[in-house]
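Participant: Supplied in structure tokens, the structure appears directly below.
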Amino acid sequence: MSVSSIDDIVKRLRKLQVELEQEIDQLLTEKQQQFRYNLQKGKVQFEQGIKALQRRYKIGAFRYLRDARIGHLLTIPFVYIMIFPFTLLDLFVTFYQQICFRIYRIPLVKRSDYLIIDRQQLAYLNIFQKINCVYCGYGNGLIEYVREIAARTEQYWCPIKHARRSPDPHRLIDDFIDYGDAEAFEERLEKLQKKIIDLENTGKHKPPKDSDLT
């Protein structure tokens, strides 16, 4: 397969990604109507009576613990001890981007776009399930937040593809320079640095130009 063919596929994938995001937004709107809630300034608001209906499906905290598998209970300390490295990672990465991104003029990654913690508002969850959901929302959201900061840093300093592709590369990798292409690295490094500086504040790329893929 030629480079031009790959570039064409990348362009089609980006177009499909936009269409997918639109479809997901539409689906989320339909789900809001189906389960009777809406978002007010990012916060979930349920229609009157919906929380009472949800509580009918709630498993009590005592029953939840009584019926829990012993293996699950034994792993609790190993699961929650991860809060310490998570918190340190959160602190240091936020500190890093606040200093370095301002110097590099890279738009800051908005932490609240990635750390979405809202499942505790579901009335059909007991206290233990809510704690678990808050923890999972924080941990997974944090990894997404850190990944975006790392991806922007990589595009600024070393936008080179690897010789071997990972199973799930970050969203910026397709614009990177081919592994081993020394001439392109010299020509495109400054261009890719400018592109990440010009990144929209929403965290999404502006529509790519054909010249960006050459």
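Participant: Dividing the alpha-carbon radius of gyration of the chain by 2.2 N^0.38 Å (N being the number of residues), what value is obtained?
Facilitator: Normalised Cα radius of gyration, the chain: 1.30.
Participant: Continuing with this model, one more query. Using the Karplus curve 6.51 cos²θ - 1.76 cosθ + 1.60 with θ = phi - 60°, what ³J(HN,Hα) values do you get for each residue of the range 186-199, in whole Hz, with x for Gly and Pro?
Facilitator: 5, 7, 9, 4, 4, 5, 6, 5, 5, 5, 6, 5, 7, 4
Participant: Taking neighbour Cβ counts within 10 Å as the exposure measure, how do Lys161, Lys195 sort from fewest upward? If you can, show how the numbers build up before the last one.
Facilitator: Working: Lys161 16, Lys195 20.
Ordered by Cβ neighbours within 10 Å, fewest first: Lys161, Lys195.
Participant: Also: Please give the calculated 222 nm ellipticity per residue for the chain, where each DSSP H segment of at least 4 residues contributes -39500 (n - 2.57) and the sum is spread over every residue; nearest 500 deg cm²/dmol?
Facilitator: Taking each H run of at least 4 residues, the total per residue is -19000 deg cm²/dmol.
Participant: What does the charge count near Pro159 come to, summing +1 for each Lys or Arg and -1 for each Asp or Glu among other residues with Cβ under 10 Å from its Cβ?
Facilitator: Its environment carries a net charge of +2.
Participant: What number, in percent, do you get for the relative contact order of the range 35-213 if the mean sequence gap of Cα pairs under 8 Å and at least 6 apart is divided by its residue count?
Facilitator: Over the range 35-213, the number comes to 21 percent.
Participant: As a footprinting exposure proxy, order Ile149, Ile173, Ile81 by other Cβ within 10 Å, with the fewest listed first.
Facilitator: Going from sparsest to densest Cβ surroundings: Ile81, Ile173, Ile149.
Participant: Under 5 Å between amide hydrogens, which residues at least 5 positions from Ile177 or on another chain qualify, with H placed 1.01 Å from N in the peptide plane?
Facilitator: Close amide H contacts, sequence-distant or interchain: Ile160, Lys161.
Participant: Taking the chain as a Gaussian network, Cα atoms linked when under 10 Å apart, which of Arg188, Arg56, Arg111 shows the biggest mean-square fluctuation?
Facilitator: The residue with the greatest mean-square fluctuation here is Arg56.
Participant: Can you list residues whose amide H is under 5 Å from Asn126's amide H, if they're 5+ apart or on another chain and H is modeled 1.01 Å from N?
Facilitator: Ile59
Participant: What are the ³J(HN,Hα) values, in whole Hz, obtained from phi via the Karplus relation 6.51 cos²θ - 1.76 cosθ + 1.60 with θ = phi - 60°, for each residue of the range 143-149 in sequence order, with x given for Gly and Pro?
Facilitator: Here the 3J(HN,Hα) series is 4, 5, 4, 5, 4, 5, 4 Hz.
Participant: Order these by the 10 Å Cβ neighbour count, fewest first: Phe62, Phe185.
Facilitator: Ascending number of Cβ neighbours within 10 Å: Phe62, Phe185.
Values in this text are rule-based calculations from the coordinates and carry no lab data. This one's a predicted model, so the numbers in the text were calculated from it and none came from an experiment. As a convention, Cβ positions derive from the backbone with ideal geometry for all residues, glycine included, and neighbour counts pool all protein chains shown.
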